Amino acid sequence: MKLGLATLAASVALVAAVPAHGSTPVPWCGTTSSRVDRLPDATSAYAVHVAYVRPASAPDRFLEFAPRFVGDAAAFDAWWRGQDPTRTPRFDLFPAPGCASALGALDISNVQLSRGVSSIGTAFQEIRRVMAEIGFNETEKAYLVYYDGPTGQVGLDHVCGQGARSGGFDLPGLAVVYLDSCDADEGDSLRPVVAMHELVHVFGAVERAAPNVCQSGHVCDFPLDLMTAVLTGQELEAHVLDSGRNDYYGHSGTWTDVQDSSFLERLDSPDRTPPAAPDGLRVGDDLTGFVRVSWQPSTDDVGPVAYRIYEDGQFVREVTTTTVRLADTHDLALFAIRAADGVGRLSAPVGARFRSGAGMVDEQGRLIRDTVRPPAITRVTIKRTAKVAVLTWPAAHDAGGLRAYRIKIGPRTLTVQKPTITLARSRVSGPVSIAAIDRAGNVGPSLVVARGRVH
């Protein structure tokens, strides 16, 4: 078992004897399935996205399962509120006017893989990798996958599901329920237990510092704790969320507390709306050679807010300032910003394309805002007579066009249109600096000429 990967094992014989009750199918308001995550999201926050995933060789049972998945989500909601009235998992929804229930608008993707998994030993990593490659890799989404394909398990003990939190920029937090195991595709009793268990792994449970941790990310202090390693055969309603409230939920320790997860709706919070989208996004160059991204502060009904930065669709970092410097590693890049408040709500993203050496560009690469300074003046030629000094330098070129050259001589500032200036030697009171200015007002790096070369 790889570190960070948790599994839920069960005895098939025990499962077969369990009465089939747990979640109740709920009508799904979708009319067609989508292979991708529908956009725009109706949930403007961190959320759990549900996906039905199968290999091409397996029959498509999406429409059969969709109401059962909605029923699972409803069971999660009811069970969690019973365990903690201040929290409930937040799900990714799509706009569905007239839907009879909120969770009936559950956004469920129908994903067909080109081939099935090799074995249960590699299934989780294979599914996780493929899901990330086809776009299910948002850091603000936890993915709940119901895998409807053979896993090749034999014997009495089966792996019913697996889950792991986000593994970095390219590996999403993912929970997988194997529908061919533990009667997950036949009844509606055990599947919600497996799904809820694996999602809590994604939310961060159980860390090594927990007092009752055992068996790689599980607890062993109470047999009906949701995060025990062995499926008991009892339905979700019989389980408890951290029986002692000392391991992974509502505890007083310093390790991860799932109660603080951004994927949980704070039912006791006055913050009910997402922050406003940041305004005034500007992407330009920086004196130190980095790309500088800046924006105006966002507003929120409660606040405060943080800002999540993306480059070419990949999350880069979260900051609380309104400016950030990033390495200039691409000729053309798409930068985006979205605001996040303290309860996990998210603004709409705002973005801008930036071309190195030019500025902000449109989809066709045409310059729409010059945010890059002209290049530095690299050399100057000086010719002196008894009374004047003539300074000449190579013409600077700028993508948005050049306006002039700024000349500073001690306290004096002059501008010239051409790359040359004649100075009275007697009036040169200090070093001479020369910099190009483009039409947008960006000033390039200065070349400083010592007074002794001119005076």
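The values are calculated or read from the model by the stated rules, or taken from the named source; none is laboratory data. Treat the numbers as computed from the prediction; the structure is a model and nothing was measured. Quick reminder, even Gly has a Cβ in these numbers, built from the backbone with ideal geometry, and neighbours come from all protein chains shown. Side chains are part of the model used for accessible areas, which takes the heavy atoms of the whole protein and leaves out ligands, DNA and RNA. Shrake-Rupley method; radii C 1.70, N 1.55, O 1.52, S 1.80 Å.
Can you give me the ranges of the strands (runs of 3 or more DSSP E) entirely in the stretch 326-376 with at least 3 residues that are closer than 24 Å to L39 by Cβ? In the stretch 326-376, 332-341, 350-355 are the strands (runs of 3 or more DSSP E) which contain 3 or more residues that are closer than 24 Å to L39 by Cβ.
Can you spot a residue in the stretch 71-92 that is open to solvent by 50 Å² or more (accessible area, probe 1.4 Å) and under 22 Å from the mean Cα position of the chain (by Cα)? The answer is no; no qualifying residue exists. Among the residues of the stretch 176-191, at least one is within 20 Å of R81 (Cα to Cα), open to solvent by less than 10 Å² (accessible area, probe 1.4 Å) and in a helix (DSSP H, G or I).
Just the residues that are farther than 30 Å from G71 by Cα and either at pLDDT below 95 or buried (at least 21 other Cβ atoms within 10 Å of the Cβ) (or both), please, taken from the stretch 233-287. Once the filter is applied, which keeps residues that are farther than 30 Å from G71 by Cα and either at pLDDT below 95 or buried (at least 21 other Cβ atoms within 10 Å of the Cβ) (or both), the stretch 233-287 yields P275, P278, V283, D285, D286, L287. Total residues in the stretch 177-189 satisfying the condition of being touching a helix residue (DSSP H, G or I) at 6+ places or on another chain (Cβ under 6 Å) and over 18 Å from D77 (Cβ atoms): the figure is 3.
Among the residues of the stretch 399-430, those identified as open to solvent by 70 Å² or more (accessible area, probe 1.4 Å), at pLDDT 95 or above, within 18 Å of A389 (Cβ to Cβ) and not polar (S, T, N, Q) are K408, K418.
Residues in the stretch 126-155 that are in contact (Cβ under 8 Å) with a residue 60 or more places away in the chain, crowded, with 17+ Cβ neighbours inside 10 Å, closer than 26 Å to A340 by Cα and not hydroxyl-bearing (S, T, Y): M131, F136, E138, E140, K141, A142, L144, V145.
Taking every residue in the stretch 332-359 that is closer than 27 Å to P89 by Cα and pairing it with any residue that is among the acidic types (D, E) and open to solvent by 10 Å² or more (accessible area, probe 1.4 Å), at least 6 positions away or on another chain, the pairs with Cβ-Cβ distances below 7 Å are D341/D300.
Cβ-Cβ contacts under 6 Å between residues 6 or more apart (or on different chains), taken from a first residue in the stretch 241-262 that is within 10 Å of A210 (Cβ to Cβ) to a second residue that is hydrophobic (A, V, I, L, M, F, W, C) and open to solvent by 40 Å² or more (accessible area, probe 1.4 Å), are listed as W255/A209.
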